[in-house]
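Since the structure comes first, as C-alpha cells, the remarks are kept for the end.
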C-alpha cells in the first residue's frame, strides 16, 4: 500500500504522523511510504532520516494526497486538505468530529473512509491512541496553568508551590481519568494543593489507594464542584466522552464566584471544551480573559512538545497503521473490533453513533459499513 504523510498545517502544530521508525517498519513489510518534504522537521526528524529507511520525499501535499492510498496524520484535516481527499481513500488521524460539523460534512462529501485515533479502543476499555496524548496534555496542563497564573499574563500572581510562610496554589482537576491523573501528579509535584473530582467511585478508590498521600479526591457533584472552584487558583478540565462532545461543567455564571485572575485550563477543548466560556486558541495566542478569569484553551497542547508527543503517538499508532496497510481497512476492522471502533466515516455515511447524536446526523454501524 502507498502510505502518505503530509506536513501538518494547523497553526503551531509541529508533530508528524509517521516517524522514521514507523516508516522503516512499513517499508520492511513491502509498503511504499511517501513523506512530504520537511514534514518531520518540527519534531526533530530530517528528510534524510526518512530516506535512510527507504521512504520517499515528496515536494507537496497535493502530490502526497494524490498518490497515497492511506493518509496518516496527527490533527484533523484542515479545510484545504479535506478538498484533496477522494472517494475510497483511507484517512487515519485524530478527527474529533462531534464539535466540528464543517469537517464532518466535508469528510462525508469526499467519499473517503476515516478512522479516528480517539475512538479506537483496547481490551481494557481504554483508548490506546488517545492515551499517549492525554498523558502529555495532562502533564502539560499544570505547567501551562502556572504560566497563565503569572501576573504578567493576567493571572492571580500565585506560585504553584508557595514559599515558607505562604500557602501553595489550590488546584482542582475535574475528571480522574488519564488526563486528570497526570495533571494531578504534576500539579502536586509542583507543590500545589490538589483535589481531583470524579463520579466513578471505583476510580476514586484507585486514586486514593495509589495517590492518597499525593493529592486528594472527592466525589463530583454540582455542590462539591461549586465549593471547590470558589477557592481554586486553577481549574483543569479533564473530562472525556469518547467520540462525543465534552459536557459543560462550569457555566459563565460560575465565573463570578471564582477568584479574579484564577486560571481555567481546558484539556477537553478538542471535543468542544468542558467550560461554557471555552473557545479554541493556539500556541501563538493561548490565553484570553472572560469576567476576570483567565482561560487557556489550546486545541493541540501536545504540539508544544512535538518530539516527545510524536514518538509517543507513533509508538501507539504504528501497529494499527501496519495492519491497515497489510489487510486494507475492511479486513483489518473485521479482524480487530478495537480498530473497528475507530471507524467514523465511510463512503458518505457517518459510522459513529456519538458523533451522529451530537450533530443530529443519521449514521450506520461500522458492521454495516464493512458489509457494504
note = Conditions (1) assigned to a helix (DSSP H, G or I); (2) within 18 Å of the chain's Cα centre (by Cα) -> residue 227 fails only (2)
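Per-residue answers, yes or no, for (1) surrounded by fewer than 17 Cβ atoms within 10 Å (Cβ to Cβ); (2) out of contact with any helix residue (DSSP H, G or I) (no Cβ under 7 Å at 6 or more places or on another chain):
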residue	(1), (2)
326	yes, yes
329	no, yes
343	no, no
353	yes, yes
359	no, no
371	yes, yes
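For (1) closer than 21 Å to residue 245 by Cβ; (2) at pLDDT below 95; (3) out of contact with any strand residue (DSSP E or B) (no Cβ under 8 Å at 6 or more places or on another chain), each residue gets a yes or a no:
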site	(1), (2), (3)
259	no, no, yes
262	no, no, no
269	yes, yes, no
274	yes, yes, no
279	yes, no, no
286	no, no, no
291	no, no, yes
296	yes, no, no
302	yes, yes, yes
Verdict on residue 255 being closer than 22 Å to residue 292 by Cβ and under 21 Å from the mean Cα position of the chain (by Cα) = no
ask   = Taking the condition part of a helix (DSSP H, G or I) and surrounded by 15 or more Cβ atoms within 10 Å (Cβ to Cβ), does residue 302 pass?
value = yes
message = Just to be sure before I move on: is residue 144 touching a strand residue (DSSP E or B) at 6+ places or on another chain (Cβ under 6 Å) and either part of a helix (DSSP H, G or I) or farther than 21 Å from residue 177 by Cα (or both) in the structure I sent?
response = yes
Unmet criterion (only one of (1) crowded, with 21+ Cβ neighbours inside 10 Å; (2) assigned to a loop (DSSP other than H, G, I, E, B)) for residue 277 = (1)
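If you go through the range 123-132 one residue at a time, do you hit one that is in contact with a strand residue (DSSP E or B) (Cβ under 8 Å, 6 or more places away or on another chain) and either crowded, with 24+ Cβ neighbours inside 10 Å or farther than 29 Å from residue 285 by Cβ (or both)?
At the first step, the residues of the range 123-132 found to be in contact with a strand residue (DSSP E or B) (Cβ under 8 Å, 6 or more places away or on another chain) are none.
Within the range 123-132, not a single residue is in contact with a strand residue (DSSP E or B) (Cβ under 8 Å, 6 or more places away or on another chain) and either crowded, with 24+ Cβ neighbours inside 10 Å or farther than 29 Å from residue 285 by Cβ (or both).
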Unique match (being at pLDDT below 95 and in a helix (DSSP H, G or I)) among 325, 332, 358, 312 = 358
Out of 303, 342, 348, sole residue that is in contact (Cβ under 8 Å) with a residue 60 or more places away in the chain and closer than 19 Å to residue 1 by Cβ = 342
task = Check 86, 105 and return the single one that is closer than 19 Å to residue 351 by Cα, surrounded by fewer than 16 Cβ atoms within 10 Å (Cβ to Cβ) and free of Cβ contacts under 8 Å to residues at least 24 places away in the same chain.
result = 105
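Quick one: would you say residue 9 is over 19 Å from residue 136 (Cβ atoms), in contact with a helix residue (DSSP H, G or I) (Cβ under 8 Å, 6 or more places away or on another chain) and part of a loop (DSSP other than H, G, I, E, B)? Walk me through it before giving the result.
Details: over 19 Å from residue 136 (Cβ atoms): yes; in contact with a helix residue (DSSP H, G or I) (Cβ under 8 Å, 6 or more places away or on another chain): yes; part of a loop (DSSP other than H, G, I, E, B): yes.
For residue 9, the condition - over 19 Å from residue 136 (Cβ atoms), in contact with a helix residue (DSSP H, G or I) (Cβ under 8 Å, 6 or more places away or on another chain) and part of a loop (DSSP other than H, G, I, E, B) - is met.
Return yes when residue 317 is closer than 30 Å to residue 143 by Cα and crowded, with 17+ Cβ neighbours inside 10 Å and no when it is not. Let's see the steps before the verdict.
Values: closer than 30 Å to residue 143 by Cα: yes; crowded, with 17+ Cβ neighbours inside 10 Å: yes.
Yes, satisfied.
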task = Give the range 149-185 a look and list any residue that's assigned to a helix (DSSP H, G or I) and surrounded by 22 or more Cβ atoms within 10 Å (Cβ to Cβ), or say none.
result = 149, 179, 180, 181, 182, 183, 184
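Residue 343 - would you say it is within 25 Å of residue 68 (Cα to Cα), in contact with a strand residue (DSSP E or B) (Cβ under 6 Å, 6 or more places away or on another chain) and assigned by TED's automatic domain parsing to the domain that holds residue 71? Working first, answer last.
Working: within 25 Å of residue 68 (Cα to Cα): yes; in contact with a strand residue (DSSP E or B) (Cβ under 6 Å, 6 or more places away or on another chain): yes; assigned by TED's automatic domain parsing to the domain that holds residue 71: yes.
Here the answer is yes, as residue 343 does meet what is asked.
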note = residue 38 passes all but one of the listed conditions (1) touching a residue at least 40 places away in the same chain (Cβ under 8 Å); (2) over 25 Å from residue 332 (Cα atoms); the exception is number (1)
query = If we keep just the residues of the range 244-266 that are out of contact with any helix residue (DSSP H, G or I) (no Cβ under 8 Å at 6 or more places or on another chain) and surrounded by fewer than 21 Cβ atoms within 10 Å (Cβ to Cβ), which is farthest from residue 354 (Cα to Cα)?
reply = 260
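The values are calculated or read from the model by the stated rules, or taken from the named source; none is laboratory data. Just so we're clear, the structure is a prediction, and the values are computed from it rather than from any experiment. Here the Cβ is made from the backbone with ideal geometry for all residues, glycine too, and neighbour counts use every protein chain on show.
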